[in-house]
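Engineer: Quick one: this structure, given as C-alpha cells, is what I'll be asking you about.
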Amino acid sequence: MATKSGDTAHLYDGKTVRSSAPSRKKLAGQASATGEIPKDAIPTVEIPTFIESLLGGPLVPKMKFLPADKMVQNLQLGCYGVLIALGILTYIVTPAVGTLWFALTGSMAIANVLQLMVVAGAIGTGFWGTMTRDARFMLASYILFILSVMRFASSKVSLSQDLFGFGDSQFLLTILVVIYAVLLVMYFELSNGVLRFSMLDTSIRTREVYVMNVKKIIGKYHRSLVINPLIAGTLAMIVLSVNTILPAFVSLFSEQMALRMEESVELISVYGVALGTLFVFIVVGGLFALDLPTHLQSWRENKE
Amino acid sequence: MWSRKSAMLGSLAVAMYLLGLTLRNSQLVTIAVVIFVFLTWAALFGGHADVAASGRRAEEWAGEEGVSLSNVSAMRKLSSARIFEDGEVSVTLRMQNHSALGKILEVKDRVPEVMRIKDGANYILMELGPRRETFIEYTVECPLRGFYSLGPVAVRVQDPFGLFHKEKELHVYNDFLVFPKMEDLKDTFVKSRVPKIFTGAVNIRQPGPGSEFYSLREYFEGDSFRAINWSAYARSGKLMVNERERDAVSDIILIVDSRAVSETGPVSRNALVYSTRAAASLAKYFLGRRDSVGLITYGDEVVSVDRDTGKKQLYVILTKLAGAMARGNVPLQVVVNRILPHINKGSPIIVLSNLEDDPTIVTALRDFRARDFDVTVLSPSSLEFEFDAKRLDRTGYEVLKTERDVLISELRGLGVNIMDWEPDMLLSTALAGARGF
C-alpha cells in the first residue's frame, strides 16, 4: 500500500519530465562538460515502431509482456497447430517449379531444397515469434510464407506431394487450396491474437486497464475464430467454383453456351478465378461505397 | 474505420490478387479472396458500431432521460471539486448503452498526466449489454497544485479481430482545483512595525496597550499606577509595572515569483512549487492570527489579491496560488513600482523567489528598504533542484552558487532578511533562518 509522504518525487519516476525553463536549459547546456543539453531536459515522445504499427499497435504503448496466461497459452498452442498444418500444406501446394530459385538456378534439386528451406524458415520463425511473442519474427514468418507461394504457376494448381491423389479431382484441389489460404489467414490472426492478448493481459495485470466480464469478451473472440474462417472458406469456395457455377447459371438459357463455358480454358484457369474474385470485389466495393456496414449496424442497433 | 491491421491485410490482398494474375498463380488469388471475405465479414457483422454518442456534464445528470439519440453516453461525478496537494479524488463514471445491441467497449477516461491512479482504473474494456449501464469507479491522487479537468471520455468499439473500429470522444468534463499543501507554522517571526489597532485584534509580541501579559519592567514616571505589579514590588523592593502585549493586526504582503524561470527543476521540485506552498502556509498562519494578508504573483503579468482577513481571503489566496502558472518574465521592479503607493509603510513584505534572471532584484528590494519596509526573502534554490536532478555538473553548480551567494550577501547588506532555502529545509526553519533566529 502506498504510504503518504510529503515528497511526491516518486510519482514521476519513469514519467515524462517537463523541459526546464529556456534560460536554465541553456545554462545547463553550457555548464556541462560535454556541452550537450541534458537528456532529461528534453520531453520524451514514444512513437510505435514500424512493426507495432503494422500489427495494429499495442494497447499500451511500450511494455514488456508478463508471463503468458492461460488464454495466451491456448492461443499459442492453436498457433503452433495451425503453423504445422500450414507448413505441410504450403510445401504440398507450392512445388519448386516456377519459383524464383528455380528460375535462377535452373536446377530442380536446388530449387526444391531452397523452397523447403523457405517453408522451414517460415515455420521456424513463426514458432520462435509465437513462443517469444516477438512481432518481428512473426512478420519474417509471414513474408517467408508469402514468398514461398510466389511462383509462376501457368494457371495450374500442381502439388509437390500427392499422397492422397488430390490432383485427380479439381474440386479436391480447390478445397486444398482454400484450406491452405484459410490456414494462412488464421495463422496471421492467431499470431496477432497472441500479441494482442498478451498486451491486454499485461495491461490487466499491471492495472493499466480493467476488464469487465472477461469471459464474455474472450468467448466472443473464440466464437469468431471458428465462425469467420468457416464463412471465409465457404465463400472463397463459391468464388473459386465460378467455372462450375457460371456455366450452370448460363445453362438455364443456353445448354450449348454452358458447355462451351465449361470447356473454356480461360474459365478453368486463373482468369476464371479472377473473374469470380472480380465479382466479389465489385460487390464488396459497392457495399462499402454505400456505407452498408454502418447502415446495417444502425438498423440493428435501433430496432426494438 | 479501418485499423492498420485491416489496411495491411487489404493491401496484401490487392497485391496478391494482382500478382496472382501476373504470375497466373491461383493460390495467390485464392489467398486474396479469403482475406477479402474475412475483411468483409468482419466489417459487416463484427459489431463495429457507429458510436454516435454524446456526453453531458455531471451536474446535468439529474435522472432525466438522456438527450442523446445515440447509443453510448457517459456522465461523471467527482467526490470533491477542491482538494489539497497529495489529496485524492474519487471519480464515478457512468456509461450507458442505449442501443438494442450489446457492445464490447474500450473506455478511457482522460486523467491529467501528473495524476496517478490510486484505486480502480480509468481504462476499461467491457462488454456492455443492450440498454444497460455500468459504473466505473477510480481514485486519482493529485500531487501538484493547479486547475485540472477530467475528460474527455474516449470510447472505442471494435470487432473481435481488431480489424475495424470506431472511436469517439464524449465531451464530458469535470473541473477541479488542487490547492498547494500547507505546513503548520508555530511562529513566523514577522511582525509589523506600524500595526493597526482595533478591538478584538490579536497580540503581536510587542509591548503596548493590550490585554495579554508581555513582561515586567521598572516603573518610570508617567506610568499608570494601575499597571504596578504589587507582588513584584513586594519581592524586589522596587516598583515594577506590568507590560502588556500590544493588540493589533498587521498588513502582510506576500509576493510570489511565478516567472517562467521559477519552474526550473523537476516538475515536483522547483521554486514555484515551494513558493506557492510557502505562500499558502504563511497566508494560513497570518490569517489565523487575524492579520490582513495580500498576495501578488508576477510572471507574464502582475496579479494581486487585495489585503483582507478571514477564511474567505484564505480561499481566494489559495485559488490564486493554485492557478499560478510559470510564464513570462516581469521584473520585480515593475511589481514594486506598482504596489508601493498602495501598501502601508512598514508592512512586512515576504518575497518568495529564486532570484534568478532578474537584474532589477537589488534595486527593487532597495526601494522597499529605503521606505522602511520589513522585507523577508525566502529563496528556493533552483540550483539545488537542478543539481539534485543531475542537470548541472559540479563546476557549473559551483560557479552559479558563488554568484547566488554574492547576490544574497548584497541583499543582506541592504537589510533584507533573506534565506537561501534549500530543498530539504522546512519552511519554519527557512523563516527562522531568514529572520536571524
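Engineer: With the requirement that a residue be in a loop (DSSP other than H, G, I, E, B) and at pLDDT 90 or above, what does the stretch B:142-172 give you?
Structural biologist: Going through the stretch B:142-172, the residues in a loop (DSSP other than H, G, I, E, B) turn out to be B:143-145, B:151-152, B:159-163, B:171-172.
Result: B:Arg145, single match.
Engineer: Tell me which residues, restricted to the stretch B:73-106, are more than 19 Å from B:Lys166 (Cβ to Cβ) and either aromatic (Phe, Trp, Tyr) or facing another protein chain (nearest Cβ under 9 Å) (or both).
Structural biologist: Just the residues of the stretch B:73-106 that are more than 19 Å from B:Lys166 (Cβ to Cβ), to begin with: B:75-94.
Correct list: B:Phe84, B:Glu85, B:Asp86.
Engineer: Quick one: count up the residues across the stretch A:70-106 that are part of a loop (DSSP other than H, G, I, E, B) and either surrounded by fewer than 16 Cβ atoms within 10 Å (Cβ to Cβ) or among the acidic types (Asp, Glu) (or both).
Structural biologist: Looking only at the stretch A:70-106, we keep the residues that are part of a loop (DSSP other than H, G, I, E, B), and these are A:94-98, A:106.
Now drop any that are not either surrounded by fewer than 16 Cβ atoms within 10 Å (Cβ to Cβ) or among the acidic types (Asp, Glu) (or both), which leaves A:106.
Residues that pass the stated criteria total 1.
Engineer: Here's a follow-up. Among the aliphatic types (A, V, I, L, M), modelled with pLDDT of 85 or more and assigned by TED's automatic domain parsing to the domain that holds A:Leu159: which single residue out of A:Leu66, A:Leu83 fits that description? Write out each step before concluding.
Structural biologist: Working: A:Leu66 fails: modelled with pLDDT of 85 or more.
Being among the aliphatic types (A, V, I, L, M), modelled with pLDDT of 85 or more and assigned by TED's automatic domain parsing to the domain that holds A:Leu159 holds for just one of A:Leu66, A:Leu83, which is A:Leu83.
Engineer: Check B:Val377 against each of (1) of a type in the set (Val, Ile, Thr); (2) crowded, with 23+ Cβ neighbours inside 10 Å; (3) within 14 Å of another protein chain (Cβ to nearest Cβ) and name the one condition it does not meet.
Structural biologist: (3)
Engineer: From the set of residues in the stretch B:403-432 that are surrounded by fewer than 16 Cβ atoms within 10 Å (Cβ to Cβ) and β-branched (Val, Ile, Thr), which is farthest from the chain's Cα centre (by Cα)?
Structural biologist: Only one residue fits best here, namely B:Val406.
Engineer: Within the set of pairs 6 or more residues apart or between chains, which connect a residue that is at the interface with another protein chain (Cβ under 9 Å from one of its Cβ atoms) and within 14 Å of B:Ser26 (Cβ to Cβ) inside the stretch A:164-187 to a residue that is crowded, with 23+ Cβ neighbours inside 10 Å and among the small types (Gly, Ala, Ser) with Cβ atoms less than 7 Å apart?
Structural biologist: A:Val177/B:Ser26; A:Val178/A:Ala236; A:Ala181/A:Ala236
Engineer: It is to be established whether one or more residues within the stretch A:166-186 are in contact with a strand residue (DSSP E or B) (Cβ under 9 Å, 6 or more places away or on another chain), of a type outside the set (D, E, K, R) and within 30 Å of B:Leu105 (Cβ to Cβ). Outline the logic, then answer.
Structural biologist: Here is the first cut: in the stretch A:166-186, the residues in contact with a strand residue (DSSP E or B) (Cβ under 9 Å, 6 or more places away or on another chain) are none.
There is no residue in the stretch A:166-186 that is in contact with a strand residue (DSSP E or B) (Cβ under 9 Å, 6 or more places away or on another chain), of a type outside the set (D, E, K, R) and within 30 Å of B:Leu105 (Cβ to Cβ).
Engineer: Considering the stretch B:107-127 alone, what residues qualify as being at the interface with chain A (Cβ under 8 Å from one of its Cβ atoms), of a type outside the set (Val, Ile, Thr) and in a strand (DSSP E or B)?
Structural biologist: Selection gives B:Arg116, B:Lys118, B:Gly120, B:Tyr123, B:Leu125, B:Met126, B:Glu127.
Engineer: Restricting attention to the stretch A:232-273, and to residues there that are crowded, with 17+ Cβ neighbours inside 10 Å and under 22 Å from the mean Cα position of the chain (by Cα), which single residue is modelled with the highest pLDDT?
Structural biologist: A:Gly233
Engineer: Within the set of pairs 6 or more residues apart or between chains, which connect a residue that is under 14 Å from A:Gln76 (Cα atoms) inside the stretch A:120-136 to a residue that is acidic (Asp, Glu) with Cβ atoms less than 8 Å apart?
Structural biologist: Final answer for the pair search is A:Trp128/A:Asp134; A:Ala135/A:Glu52.
Engineer: Going through the stretch B:257-316 one residue at a time, which ones are touching a strand residue (DSSP E or B) at 6+ places or on another chain (Cβ under 8 Å), polar (S, T, N, Q) and closer than 23 Å to B:Ile339 by Cα?
Structural biologist: B:Ser258, B:Ser275, B:Thr276, B:Ser292, B:Thr297, B:Ser304, B:Thr309, B:Gln313
Engineer: Here's a follow-up. Could you say whether any residue in the stretch A:204-219 is more than 9 Å from every other protein chain (Cβ to nearest Cβ), surrounded by 22 or more Cβ atoms within 10 Å (Cβ to Cβ) and at pLDDT below 85?
Structural biologist: no
Engineer: Taking the condition touching a strand residue (DSSP E or B) at 6+ places or on another chain (Cβ under 7 Å) and within 22 Å of B:Ala432 (Cα to Cα), does B:Asn354 pass? Outline the logic, then answer.
Structural biologist: On the way: touching a strand residue (DSSP E or B) at 6+ places or on another chain (Cβ under 7 Å): yes; within 22 Å of B:Ala432 (Cα to Cα): yes.
Against the criterion (touching a strand residue (DSSP E or B) at 6+ places or on another chain (Cβ under 7 Å) and within 22 Å of B:Ala432 (Cα to Cα)), B:Asn354 qualifies.
Engineer: Under 6 Å between Cβ atoms, at least 6 apart or on separate chains: pull out the pairs that start in the stretch A:141-163 with a residue that is assigned by TED's automatic domain parsing to the domain that holds A:Phe188 and end on any residue that is among the polar types (S, T, N, Q) and in a loop (DSSP other than H, G, I, E, B).
Structural biologist: Close Cβ pairs satisfying both conditions: A:Ser148/A:Thr94; A:Val149/A:Thr94; A:Ala153/B:Asn25; A:Ser155/A:Ser269.
The values are calculated or read from the model by the stated rules, or taken from the named source; none is laboratory data. Being a predicted model, the structure only gives us computed values, none of them experimental. Every residue, glycine among them, receives a Cβ derived from its backbone with ideal geometry; neighbour counts consider all protein chains shown.
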